[in-house]
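The values are calculated or read from the model by the stated rules, or taken from the named source; none is laboratory data. Because the structure is a prediction, the values reported are computed rather than measured. A quick note on method: Cβ atoms are made from the backbone with ideal geometry, for glycine too, and the neighbour counts reach across all protein chains shown. Accessible surface areas use protein heavy atoms only, side chains included; no ligands, DNA or RNA. Shrake-Rupley method; radii C 1.70, N 1.55, O 1.52, S 1.80 Å.
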Amino acid sequence: ITIETGIIDYYSKGTSHMRYKLEQEGKAEAWQYGPANYTIRFEDLQLGKYTLRMQASNAALQFNGPEKALSIRISPPWYKTWWAYLVFIVALAFAIWCFIYYRSIQLIKANHLLENKVQERTEEVIQQKEEIEAQRDHLEDTLTELKVTQKQLILSEKMASLGELTAGIAHEIQNPLNFINNFSEVSKELIGEMKEEIGNGNIAEVTLLAGDIEQNLEKINHHGQRADAIVRGMLQHSRISTGQKELTDINVLADEYLRLAFHGLRAKDKTFNAEMHTSFDKKSGKINVVPQEIGRVLLNLFNNAFYAVAEKAKTTDKGYRPAVRVSTKSQGDHIIIVVADNGNGIPKDLVEKIFQPFFTTKPTGQGTGLGLSITYDIVKAHGGEISVESIAGVRTELTISLPMR
């Protein structure tokens, strides 16, 4: 605020001065002095009422004359007035109300949409539940059929195993039978000769012939017992397992089933031949197993090994020598059985699948895919482990670890 002041001076000839002070609600500043004609300037004044008091002096610089007072009021800008605040509050309240109303409308719409979605989802869930129940009923029927089919396939696998075993047994039993027949015929001829010598009274010759007949009878008895053992082994394998564990010489069991598997394949293919190498640890002794089940395990592994080398022999040059190796080893409280062959091997991406049910690398019609799956289950049921290592085109080695107790 700028105020121009002046003193009309008739007597002092320009020697008069003035003084002024600004008061605000009774609070006054000290007097300020200035010449007769003076410009007063105020800055940064706050809102409120002020009184500017001014007084002129005489020539003797005495301020004994009357005072002049000027009232000054500094009003706020329009946006700081009460009615502006009122408008602002009303506008803010209206904006809040509009926002709340808008949000309420949005929430109502969202609730309606959510209710519709929940209803639709509920209907879908009910429909899916009905479909699942229908599928469950269908799956139960399918599962029942699969169980029946699985039992039939397991029986088929066992009968196939039994057929291969029977073929091997037939070949094995033929040898002692041939010996029995031959020695029986020879003994019959010797008895005829002995009768003639008895008629001639040649006691010494009769004694010699009787000795030969006795030896023949011992050999007939030996081979008869061998045939009996083979037949008993076949019956033991073919009968339903009781699950009872028995002390079993694993070396004898492995050796017997190895030869039976070999002769079984020979009975199918007369041209087949393979080297058999065995390395049995005599310290292994007897272990407590179900002999029928472990026999099935060994027979299955031997059949697979002979099949692998037979297939490779069909596609390899004459320098290839099929070979199957079987070894047992006592290791701590376990017996390790290793069955190895130099056949075609198993591709790396298929090694982990060979113990899965119905998985087979054989052509269609030549395997059910249950042999190794059943083998795996039998070994696990005995508390053992089975693993496989294979190099495609080179070899395959299966290792079984069975606890002695």
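With a 1.4 Å probe rolled over the protein heavy atoms of all chains, the accessible area of Arg136, Arg321, Arg395 falls in the order Arg321, Arg136, Arg395, largest first. A straight Cα-to-Cα reach below 26 Å connects Lys245 with the lysines Lys151, Lys158, Lys282, Lys283, Lys286, Lys329, Lys380, residues fewer than 8 places away in its own chain not being considered.
Of Thr5, Thr278, Thr271, the order by accessible heavy-atom surface (1.4 Å probe, DNA, RNA and ligands excluded), from most exposed downward, is Thr271, Thr278, Thr5.
Backbone amide hydrogens, once placed in the peptide plane, bring Ile7 within less than 5 Å of Asn37, excluding anything fewer than 5 places away on its chain. In this structure, the residue pairs whose Cα-Cα separation is over 21 Å, taken from Lys147/Lys348; Lys27/Lys80; Lys27/Lys68; Lys268/Lys362, are Lys147/Lys348; Lys27/Lys80. Calculated FRET efficiency, Lys80 to Tyr101, Cβ-Cβ distance, R0 = 35 Å: about 0.70 to the nearest 0.05. Taken one residue at a time, the phi angles of the range 203-216 give Karplus couplings (6.51, -1.76, 1.60, θ = phi - 60°) of 5, 5, 5, 4, 4, 4, 5, 5, x, 5, 5, 4, 4, 4 Hz. Gly and Pro are set to x. Sorting Asp137, Asp249, Asp317 on solvent-accessible area from highest to lowest, probe radius 1.4 Å, gives Asp317, Asp137, Asp249.
Backbone amide hydrogens, once placed in the peptide plane, bring Asn344 within less than 5 Å of Lys312, excluding anything fewer than 5 places away on its chain. Placing a pseudo-label 7 Å from each Cα along the Cα-to-Cβ vector at Thr315 and Tyr33 gives an inter-label distance of 12.9 nm. Descending by average beta-carbon neighbour count within 10 Å, the peptides 322-331, 100-109, 296-305, 187-196 line up as 296-305, 322-331, 187-196, 100-109, the highest first.
Each label point was placed 7 Å from the Cα along the Cα-to-Cβ direction; for Gln128 and Val351 their separation is 4.1 nm. The mean accessible area for residues of the range 294-339, using a 1.4 Å probe and ignoring ligands and nucleic acids, is 44 Å² per residue.
Within the assembled protein chains, the solvent-accessible surface assigned to Asp377 is about 90 Å², based on a 1.4 Å probe. Taking all protein chains together and rolling a 1.4 Å probe, His17 ends up with roughly 80 Å² accessible. The ratio of the alpha-carbon radius of gyration of the range 1-83 to the globular-protein estimate 2.2 N^0.38 Å is 1.31. The three principal axes of the C-alpha atoms in the range 1-151 carry coordinate ranges of 142, 32, 23 Å, sorted with the longest axis first.
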